[in-house]
Each structure stands twice: as structure tokens, then as C-alpha cells.
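**Q** I have a structure I would like to understand better, so I am pasting it below and will then ask my questions one at a time.
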Amino acid sequence: MAGLKNLKKKRRIQIFAVAAVALALSTAMIGYAMRDGINLFRSPTQVAEEPPREGEIFRLGGLVEDGSLVRGAGTEVRFSVTDGGATVPVRFTGVLPDLFGENQGMIGTGTLVEGVFVASEILAKHDETYMPKEVMDALKEQGVYKSPDAPES
């Protein structure tokens, strides 16, 4: 009878070990698969203070700097994004959203290439008063956020 107990105990330990290895392996595989699917938001100040690693896809948000919007040949557009603390030049090839414009909030997804944010996607506010939360927080942190309800000065 004692031999049977030891055999059951060994079997339980083996099953537990296999389950632990399977759990660790599946967690590692999920993490590896999601590495490109998680795009962290960064403000221009955060990009200036701690540049992302080469090839890292992230989201950049802020205000389109006044006077920086330059439309090139075809669908290429260049502009700068600022949060009041730093400015990042942006290059985008594609069609911009209808409400995209200077001094407006935007968020872009892309990578930093030699100091220029190369955007693969640009999102703009969807009405006259909307500001993405991340952009609003970054602007508040720099002290340049103006509420759309505040009177113009």
C-alpha cells in the first residue's frame, strides 16, 4: 500500500510540473505575439527625454504646431507635434482626417527614424471640442492645455 501512495504522489508532482511548464510556455508565447500589438503613448516631451528604441512602434500625441503643416508632392505631409515642452517633426504619407489642422489635437502611430516620427496612421479629433485623453494629460502636464469651454483671450 505504501508503494501505491508514493506512486500517486510522484504522479501528482509530475502533472504539476508539466502544468507549470505549459503555463510558463503559453505565457511567453502570448507575450511574444503581443509585443508589436501594444503601442505605448508618448508625448513629445517624453520622446525628447527618453527616445524610443529603434524600430519601436508607439503612439505620439499633441497639438499640430502652428505654421508647421507642409504638404508635399502627392500625399506626403510634414508637420510638427508639440506639447509645449518639446516638438517632434512628423512625416506622413496618406490621406489626413477631415478635421486635421494646425493647432489641433492629434495622435499618430509610427516609429522614430533619425529624429523624425514616421507615421503610418494619423487620428484627429472627431468634433470641435474633443481632445484625446492622452493628449489632454500631456498638455496639462506642460501647462499649455486650454479647455474648449474657456473664453478666448
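The values are calculated or read from the model by the stated rules, or taken from the named source; none is laboratory data. All values reported here derive from a predicted model rather than from experimental measurement. Don't worry about glycine lacking a Cβ; one is built from the backbone with ideal geometry, like all the others, and counts go over all protein chains shown. The protein model used for the area step is the full one, side chains on, heavy atoms only, and it has no ligands, DNA or RNA in it. Shrake-Rupley method; radii C 1.70, N 1.55, O 1.52, S 1.80 Å.
**Q** Between A22, A2, which is open to solvent by less than 90 Å² (accessible area, probe 1.4 Å), farther than 26 Å from F117 by Cα and modelled with pLDDT of 90 or more?
**A** After ruling out the rest, the residue left standing is A22.
**Q** Among V64, V113, V81, V90, which is the only one that is under 19 Å from the mean Cα position of the chain (by Cα), hydrophobic (A, V, I, L, M, F, W, C) and exposed (fewer than 13 other Cβ atoms within 10 Å of the Cβ)?
**A** V113
**Q** Quick one: what pairs do we get from region 65-78, first residue closer than 16 Å to V118 by Cα, second acidic (D, E) and part of a strand (DSSP E or B), C-beta under 6 Å, 6+ apart or different chains?
**A** none
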